[in-house]
Amino acid sequence: MQTKDKLQDATHDLRFLLDHGYKKKGALTFVANRYLLDKRQRNFLARSVFSKAKSEERKRKIIKIAEIKNKHLFVDGYNVLISVESICANDRESIVLCDDGVLRDLNAVFGKYKFSNMTKNALNQIISIIKDHDPSNVTFFFDRQVSFSAKLANLTQEIMSEYKLEGDVNLSKIVDFELTKAANDIEGIVATSDSVMIDKVRKIVDIPFYILNDR
């Protein structure tokens, strides 16, 4: 079986199981083992395939970027940045439009991050497109425990100042909790593609989607 056909069949089978109520973890393990998928293929299924009900529920939360005007925007920093870096690097194979309507990056970063020649470029594109749509305030959240977070937070704050973008940058040990609480307390909008976060907030905007379209 060709690799592409194998992955398509695995995707179909996983969706079928999820639509019939099977838990994601067990269903994914079963399907991945059945088709002898490698680590990247398993990651693709984990990040992109969801039940129809879950996908529709999340899609209802996605707003157009124009709707951030005069609203407080909360940015899931590493989540958005890593996707935009892949877009800037033309690493299109890593960017996937998922069942639930958002772009995700298969280049997962777990506790480590390295500055590259794409870092500043990606931050400029993120902050520029946010500025163009005129939110009332912007708060970036970065995981404190990830490498170089303080340096990245300072760079983000510098670029925000250059664009005269109102807001601040937070370093947090529990980004998921603090960001979702802050956003829900004031009915803010969250820029993220993180599945757990999407399920906890009211509205999200997919900034990498718009940057990719612009390119």
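The numbers here are math on the coordinates, done by the rules we state, and not lab data. None of these values were measured; they are calculated from a predicted model. When we count neighbours, we look across all protein chains shown, and the Cβ atoms used for this are built from the backbone with ideal geometry, even at glycine.
The stretch 1-74 to the stretch 150-180: how many Å between their Cα centroids? First find each Cα centre; the distance between them is then 29 Å. Inter-label distance, TYR22 to LYS200: 2.9 nm, where each label sits 7 Å from its Cα along the C-beta direction. Among ASP185, ASP194, ASP199, the order by Cβ neighbours within 10 angstrom, fewest to most, reads ASP185, ASP199, ASP194.
Where a ≥ b ≥ c are the square roots of the eigenvalues of the C-alpha gyration tensor, would you call the stretch 81-158 rounded, which needs a/c under 1.5, or, failing that, prolate if a/b is larger than b/c, or oblate? Verdict is oblate for the stretch 81-158. Neighbours of ARG40 by Cβ distance under 15 Å: Lys/Arg scored +1, Asp/Glu scored -1, total +3.
Think of the chain as having a plus end and a minus end, set by charges on the Cβ of Lys, Arg, Asp and Glu; of ALA32, VAL146, LEU81, ALA32 sits farthest toward the positive end of this dipole.
Taken over the Cα atoms of the chain, the convex hull encloses 121 Å³ per residue. Determine the shape class of the stretch 151-215: with a ≥ b ≥ c the square roots of the Cα gyration tensor eigenvalues, call it rounded for a/c under 1.5, and otherwise prolate if a/b is greater than b/c, oblate otherwise. It is oblate, given that a/c is not under 1.5 and a/b is not larger than b/c.
Mean residue ellipticity, 222 nm, helices only, the chain: the sum of -39500 (n - 2.57) across DSSP H runs of n ≥ 4, divided by residue count and rounded to 500, is -15500 deg cm²/dmol. Using R0 = 35 Å, the C-beta based FRET efficiency linking GLU57 and TYR163 works out to 0.55.
Fully extending the segment from ASN70 to PHE115, taken as 0.36 nm per residue of separation minus the present Cα-Cα distance, adds 13.0 nm.
Could you tell me whether the stretch 37-117 comes out rounded, prolate or oblate from its Cα gyration tensor? Rule is a ≥ b ≥ c as square roots of the eigenvalues, rounded for a/c under 1.5, then prolate if a/b exceeds b/c, otherwise oblate. Note, shape of the stretch 37-117 comes out oblate.
Against the chain, whose longest principal axis comes from its Cα atoms, helix 77-88 is set at around 80 degrees.
Where does the charge balance sit around GLU166 when Lys and Arg score +1, Asp and Glu -1, over other residues with C-beta under 11 Å from its C-beta?
For residues surrounding GLU166, the net value is 0.
In this structure, the amide hydrogen of VAL75, modeled 1.01 Å from its nitrogen in the peptide plane, lies closer than 5 angstrom to those of THR139, PHE140, PHE141, ALA191, counting only residues at least 5 positions away or on a different chain.
Among beta bridges from DSSP that stay inside the chain, the antiparallel ones total about 15%. Full extension of the segment from ASP9 to PHE30, taken as 0.36 nm per residue of separation minus the current Cα-Cα distance, would add 6.3 nm. Temperature 20 °C, viscosity 1.002 mPa s: under these conditions the Stokes-Einstein estimate for the stretch 3-49, based on its Kirkwood radius over C-alpha pairs, is 209 µm² per second. About its Cα centre, the dipole of the stretch 3-49 is roughly 260 debye, where the only charges are +1 on Lys and Arg Cβ and -1 on Asp and Glu Cβ.
Between amide H atoms placed 1.01 Å from N, distances below 5 Å from TYR35 occur with no residue 5 or more places distant or on a separate chain.
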